[in-house]
Structure formats: C-alpha cells, structure tokens
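Chemist: Take this structure, written in structure tokens, and hold onto it; I'll ask about it next.
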Amino acid sequence: MLLTATDVTKTYFGKPALRGFSYELDRGKIIGLLGPNGSGKSTLLKAIAGLIPVDSGKILVDGQKVGVRTKNQVAYLPEIDPFYQSHRVIDVLNFYKSCFKDFDTQRAEALLEELALERNQVIRSFSKGMRVRLKLVLTLSRRAPLLLLDEPLSGIDPLSRDTIIKAIAREFDPANQSIILSTHEVFESEGLFDEVVLLEKGQIKWQGHMESLRESSSLKRLLEEVYL
Amino acid sequence: MISWKLYLHEWRENGFYWLLMIVGTIAVKVLMNFGLFPEELFSFPLILSIFAYGILCTSPLAKERKNNTIYIKKSLPVPGYVHLLVKIGWLMSSYVLYLVFWCALYFRFIVGEGDTVFLFSDTGILEAAFFLLAPFFGIVLMQFSYLIANYVAKFRSAFSFWAFVLTFYLVIRIVPLVAKVFEFLPDFAIAGTSGSYVSSGFILAVLAVSVALLFINGKLWDNEPAI
C-alpha cells in the first residue's frame, strides 16, 4: 500500500480535527477529498505530508511511518501561499532542485511554459492564480509516489481551473503515483477522480467510486447541500 | 548539500539586517571623522549590534511562521535540528563577519597607539570557548523559549518569557552537576591572574547542555501541534 492511515486522531488545542480516520490507498489512483470547511481535509493532508504530528493512530507512506524519510515520497501543495516574496521563479525552481532528488527540471520548464509563467518573474508581483500555478509546477515536477494537493483550484478563474485540471491529468503517472486532491470545486474536477472520500467532522462520511456518487441521487443531494 | 543551500537561503532572507548594521557602522565612523559623533562612543555600533542580534535569534523563526514559508521548510526531508542549526550557523557566522568589520574600522580606538595586539592569549582556548559557546547557548535557549510557546494556544509571549527564565535557572543548576563528570580533565589558567583556573569540565558541561537543548528544539520544531 502506498498510504495506510489507521485510526488517526488529531486535535488542535482541544478541538478535534480528525476522529479515528482510517484509509488505505494504492498506486494509480486520483482521490478527491471532499468535505465542508473544518471537516479535516487540510489537517489530513498536512499529517500525511509530515507537517504536523497526529495525537494517536498511525500513518504509513510506502510502509514507513511518516517522518523525515517519507518527505521524499510525498509532494505536498499547501492551500496557502508559502513563497519567499523576493524570490524569482527560477530561484524557487533551483531551491527545489537542490532539496529534492526527484525534482525534474525539464518537466518544470515545460510546465512553466504551459501555465504561462516566466522564469525571471518575481513572486511579489504574482496574482493569486499565478501563485497557484507556480505551486502546481513545483509539486507536479517532483516524481514522488504520493502527491497531496490541498485546494489547488481555490480562488481561480474557470479558464485557469480547466488548464490546471488538464495539467494534473496529463502529468499523473498511474504506474507509480497516486494523488489526493482536496477541493470545493467538486463538479468541475469530478472527471479527474477515480475515487471520492467525503469527510465530515474529521471522519469519513462516504467513500467510493465517482460513478456511484453520480448515480446516487441522495449523495448528490448531500454534496449539493455542502457545496452549493 | 541541503544544509548549505539552507544556509545561503538564510543569508538571502536575513542578510538585509546584517547589511543594515554594516551601513550603520560605516555611518557612525564617517560622522566620527567629521567630528559629529564623539570618539569615546566608538563601541556604540557594537553594543547596538548585540541588541540587534538578540532580536535576530528568534525573529527569522517567527518570520517563517508569519509568511507561511514554514510550509516549505517543513516539507523538506531535513530533521528539525538541522533547520535550527542552520539558523544558528548564520547568526554566528554573520556576527563574526560583522565583528571583523567593526574591529577593522575602529582598530585605532581598540588597540591605541603603540599597543601590541594578540588575537589569542596563552589561554586562547578559554577565550574562544567563551566567545563561541556563550552565543551558541544563548541562541539555543532563545529558540527553545520561542518553540515551546507554540505548544500553547494563548499567552504565548508570557509563556515564552517564563520558559526562558526557568530553563536558564535549570541550566545554571544542572551545569555544575554535569561539570563534575568531566572533573578529571585539565583546567585552564585565566590570563592576567596568578593561580586562577577555570575547569574545562564547566565548558564541556555548557556545551553538552546546549547540544542537548538543540536536539530538544529539533523535536519541538518537528512536532509543533499546528502550523
């Protein structure tokens, strides 16, 4: 299994974020992580990426307990903007290249061109959409087995969303990778998902194939209640 | 070498403050040359730089959190103590560079005419240990008090202050006990005194406590409950 989460619990200063979360994921799948605000999506992705510890339970990435070593196996795209504002695009690329052995510079260059970003642009001058696109370039340019994308479509105009979804679908390597993508833009990105996990109050409310979600009118209504 | 890249990164992110101190030090010297600043206060920039570096002990850490760049740092396959050691390395090396610059600029005032300059006296080890170990311990202690405060939801500043005071007190109590372990090692003579010695065990104890604190800080960094 690429990812195994067993009975994972996480609280933030007494407030529960994840409650007994268990899940298994193998290679070759794109998982849609859905749920309303505060359902624990970002917390789950941060815990898998090794950014925060869990209170109880365990998370294994490729059979290894989450820690420094598993950070080589996980490429994480945070929801917020994590960049050093004075850096240029090329500086960030060089930094990632020197920090991650699996960083593919050629892939990054191709993605930069496709997503209309220039190497010498300074991040301070970037719009929100450009920042998201740069985050995506950095994450997709890594040949890590597990990609965690936290709200990559948030605050993006529909045209850019389409470009981003296409880029994710094209760069995905089903033989070696899996992607967990959390989003609120369910109906725009549903074509991307093999499976969907619906979180509510830190627990899995529903999980299954996208087809069953489309066919089940009650689940569709549930999603519409949450997102519309 | 990720550590080296991170070190260069520290220069890029915080080098501005260092440059500001260099410019300030030159400005004071220029004012002094024009008689607009009293020569007796030649150590003023140095004292100011000590205060500035006191703030810089934790402000780069706080800045990472404030600007969300901590997400990048924490995603790297590097243990927490390495991140902290890189920050300590930058603080100490940049300060040594500043000191060299300050000494060069105010050389005439430091040594006086006809004086002989000894970079290290016959007790050079003691001086080197003091000048390297004291800041190292100070920075590690400040990092500890900053990081431990991230484990509470409220009153972080007050918690950080008391963590600093109590840990400092604990270290004062622990160091003599640890020093006894190294009692068999030779003592160092203190320059300018006849028959006064400092136990090398004391220096080693401070070093041991500082390194232990650095690793504790690394664990605190790795296991911060929320970012």
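Chemist: Could you work out the per residue convex hull volume over the alpha carbons of chain A, in cubic angstrom?
Modeler: 122 Å³
Chemist: Let me ask something else about it. At 7 Å along Cα-to-Cβ for each site, give me the label-to-label distance between residue B:1 and residue B:30 in nm.
Modeler: Placing both labels 7 Å beyond Cα along the Cβ direction yields 3.6 nm.
Chemist: Here is a further query. If we count every other residue with Cβ under 13 angstrom of residue B:146's Cβ, Lys/Arg +1 and Asp/Glu -1, where does the sum land?
Modeler: That works out to +3.
Chemist: Moving to a separate point now. Order B:102-108, B:208-214 from most to least packed using the mean count of other Cβ atoms within 10 Å.
Modeler: On the way: B:102-108: 14.6, B:208-214: 17.6.
Result, highest mean Cβ count within 10 Å first: B:208-214, B:102-108.
Chemist: Moving on to the next point. Nearest 500 deg cm²/dmol is fine: what mean residue ellipticity at 222 nm does the protein assembly as shown get from its DSSP H runs of n ≥ 4 alone, each adding -39,500 (n - 2.57), divided by its residue count?
Modeler: Mean residue ellipticity, 222 nm, calculated: -17500 deg cm²/dmol.
Chemist: For peptide A:79-86, how many partner chain Cβ atoms fall within 10 Å of a residue's Cβ, on average?
Modeler: 5
Chemist: Then there is this: Expressed as a rounded percentage, what relative contact order does chain B have, with Cα pairs under 8 Å and six or more residues apart?
Modeler: Once divided by the residue count of chain B, the mean separation gives 25 percent.
Chemist: Here's something else I'd like to know. For Cα pairs less than 8 Å apart in space and 6+ apart in sequence, what is the mean separation divided by the residue count of the stretch A:3-227, i.e. the relative contact order in percent?
Modeler: Relative CO of the stretch A:3-227 lands at 29 percent.
Chemist: Bin by bin, in steps of 10 Å, what percent of the Cα pairs in the protein assembly as shown do you find, going until the bin that has the longest distance?
Modeler: Here the calculated profile for the protein assembly as shown is 4, 17, 24, 22, 15, 10, 6, 2, 0, 0.
Chemist: Can you compute the FRET efficiency between residue A:170 and residue B:11 using 1/(1 + (r/R0)^6), with r the Cβ-Cβ distance and R0 = 35 Å? Round to the nearest 0.05.
Modeler: 0.40
Chemist: Under a straight-distance cross-link criterion of Cα-Cα below 19 Å, which lysines are reachable from residue B:5, leaving out those fewer than 8 residues away in the same chain?
Modeler: A:71, A:97, A:101, B:63, B:73, B:74, B:87
Chemist: Let me ask something else about it. Can you compute 3J(HN,Hα) from phi for each residue in the stretch B:15-25, using the Karplus curve 6.51 cos²θ - 1.76 cosθ + 1.60 with θ = phi - 60°, rounded to whole Hz and x for Gly and Pro?
Modeler: With the stated coefficients, the stretch B:15-25 comes to x, 4, 5, 5, 4, 4, 5, 4, 4, x, 5 Hz.
Chemist: Could you sort A:191-200, B:126-135 so that the peptide with the highest average Cβ count within 10 Å comes first and the rest follow in order? Mind dumping the intermediate values first?
Modeler: Values: A:191-200: 18.5, B:126-135: 15.1.
Taking the mean over residues of other Cβ atoms within 10 Å, the ranking is A:191-200, B:126-135.
Chemist: Would you grab the residues whose amide H sits under 5 Å from the one on residue A:204? Only those 5+ places off in sequence or on another chain, please, with H modelled 1.01 Å from N.
Modeler: Residues meeting the amide H criterion: A:22.
Bear in mind that the values in this text are calculations on the coordinates, not laboratory data. Since we're looking at a predicted model, the values are computed, not measured. With ideal geometry, Cβ positions are generated from the backbone for all residues, glycine too; neighbour counts draw on all protein chains shown.
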